[in-house]
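Peer 1: The structure is given below, and queries will be raised subsequently.
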Amino acid sequence: MSINHPSFGTLDSGRIIIFDTTLRDGEQSPGFSMNLDEKLRMAEALHELGADVLEAGFAIASPGDFESVQSIARRFSKDGPVIASLSRANAADILASAEATKPAARPRIHIVLATSDLHMRVKLRMTREEVLERITESVTLARNHAADVEWSAEDGSRSDLEFLCRCVDAAIKAGATTINIPDTVGYSLPADMGLIFSTLMNKVPNADQVIFSAHNHNDLGLAVANTLAAIQAGARQIECTINGIGERAGNAALEEIAMALRTRQDVLKLRTGIESKRILRTSKLLATITGFDVQPNKAIVGRNAFAHESGIHQDGVLKDASTYEIMTPESVGWTTNSIVLGKHSGRAAFRDRLKTLGYEVGDNQLNDAFKRFKDLADRKKVVYDEDIAALVDDEVGRGNDRIKLTGLNVSTGMGTKPMATIALEVDGARRDGMAMGDGGVDATFNALRAAFPHEVNLKLFAVQSVTGGTDAQARVTIRLEENGKLVDGQGADTDTIVAAARAYVHALNKLLVKRERTEPPPVPAGGLPSGQGG
Ligand code: KIV
Ligand code: ZN
């Protein structure tokens, strides 16, 4: 069996479409916001990973979101993944999505409208008949602007199944090419999923002309299981995020689904376009950009996912890895030998290593990163891949920063009042600051405020070690808040205070960009009253 799709042409029933929503559902969760440069880097990495569809954002949400969707669409104007933008079921949203995705070689308008009795009554204040009419109107409008239109039934899994069939029928008749049934609140069990998808696919006329899609949230820890159940019932697109980030407990994790499909091909007999060896680096890039590492026991990409601690297991793995490993660490990008370069390594070796790690940097970025690498290699006995990744991630995308940290001196110790002097370059002009504080970090942040006066609330200060050892680099994540706007910044260095200062300056730069952006326009009647759903 095959299907003809406007973006993918003829698709056989063995191919699963990976719809990545890291940049939309993932990005909208607290602490995971990304700036334009970061979104572009993530989009590039997701493309290299082999995602088929990138949901680049929610174009109408703010001018910044519109710009991100449009920039990603432009980035893939010749080829690359399908670029989708989310819209509520109203003309303003749909036209914004159409406009923002237009530069893409393969644009998609994604429309969402709630179909559960609860959401329709409390949130939309619409009757079933009104919702049906709205589906027809909105999908018809979207089809006038794009050949590829996805329609999503928000809270679909808690909707009356008979009514859901009528909604899907209306969406298909109006021209939707993908039908997505989200488990918006992560309530379903795998058996429910199977029933929903098989009922829709068996009962709705022309269901075989469209692709059915699953979008599962992880509130009960069942997002991946539910997604696999949907696939087994016939869904051929799955919506997921890297590291499972997303609203509340997150979305189904791309890496887990991709590896389940690959590892259990014996039963599932399906394939994706995912280059599994790029999984780890994509996961790490996201962690670096957002400042949130995955937990050590996270499947596939957690530090312990392939670590064998018990003697019995170690013995077995040494005799034959398949005794305790169902997939190889290398197949998802783990390398056994991660010691790479030292202080005698040259620029060519450094560039080469960057390439192997998946970084394509321009000459200026290479120069800056190489300088920092040499400095790091002087201070640190061994430089690991993780160190290089942290260092380059710290450098890339910061070229346009208005504030640069150019010097820092901190004196601290027992019985002395910590003091910091700092040097910044703000829009090209030097600014100095000096201050005391309760500890070296506090003194540094006070000095920063003296050099560049500003009023913000520090909401988060987190330190992680990039590798082991006392000479390891620290990676600091800072969250600042100003008038309800949140920004995160990251910085890495072998000196934790320097890393903290870098992170603070990074966050301040993001805040300056955010200040220039305006608030989202008011919600049109009949749309979702707040946010865009999970
Ligand atoms: O969870 C959800 O319902 C969503 C929709 C907007 C697709 O994210
Ligand atoms: Zn969602």
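The values are calculated or read from the model by the stated rules, or taken from the named source; none is laboratory data. None of the values given here were measured: they were computed from a predicted structure. Cβ placement follows ideal geometry from the backbone for every residue including glycine, while neighbour counts extend to all protein chains displayed. Note: areas computed on protein heavy atoms with side chains; ligands, DNA, RNA excluded. Shrake-Rupley method; radii C 1.70, N 1.55, O 1.52, S 1.80 Å.
Peer 1: Quick check on the chain: helices-only [θ] at 222 nm, where DSSP H runs of length 4 and up contribute -39,500 (n - 2.57) each and the sum goes over total residues. Nearest 500, please.
Peer 2: Calculated from helices alone, the mean residue ellipticity at 222 nm is -11500 deg cm²/dmol.
Peer 1: If you line up the long axis of helix 496-515 against the longest principal axis of the chain, both from Cα atoms, how many degrees apart are they, to the nearest 10?
Peer 2: 50
Peer 1: Considering only Cα-Cα distances, which of the following residue pairs are longer than 24 Å: Lys123/Lys514; Lys298/Lys374; Lys404/Lys514?
Peer 2: Lys123/Lys514; Lys298/Lys374
Peer 1: Which angle from 0 to 90°, rounded to the nearest 10, does the C-alpha axis of helix 279-290 make with the longest principal axis of the chain?
Peer 2: Computed tilt is about 70 degrees.
Peer 1: Mean separation of Cα pairs under 8 Å and 6+ residues apart, divided by the residue count of the chain: what relative contact order is that in percent?
Peer 2: 12
Peer 1: Okay, next question. Roughly how many nanometres apart are two label points built 7 Å out from the Cα toward the Cβ at Asp352 and Arg402?
Peer 2: Simple spin-label model gives 4.3 nm for this pair.
Peer 1: Cα-based Rg (one decimal) and Dmax (whole number) for the chain, in Å?
Peer 2: Values for the chain (Cα only, Rg and Dmax): 24.5, 79 Å.
Peer 1: Phe350: accessible area at probe 1.4 Å, nearest 10 Å²?
Peer 2: Approximately 0 Å² of Phe350 is accessible to the 1.4 Å probe.
Peer 1: Sorted by mean Cβ packing within 10 Å, highest first, what order do the peptides 487-495, 427-435 take?
Peer 2: 487-495, 427-435
Peer 1: In degrees from 0 to 90, rounded to the nearest 10, what is the angle of the helix 385-395 Cα long axis to the longest principal axis of the chain?
Peer 2: Result, in degrees: 90.
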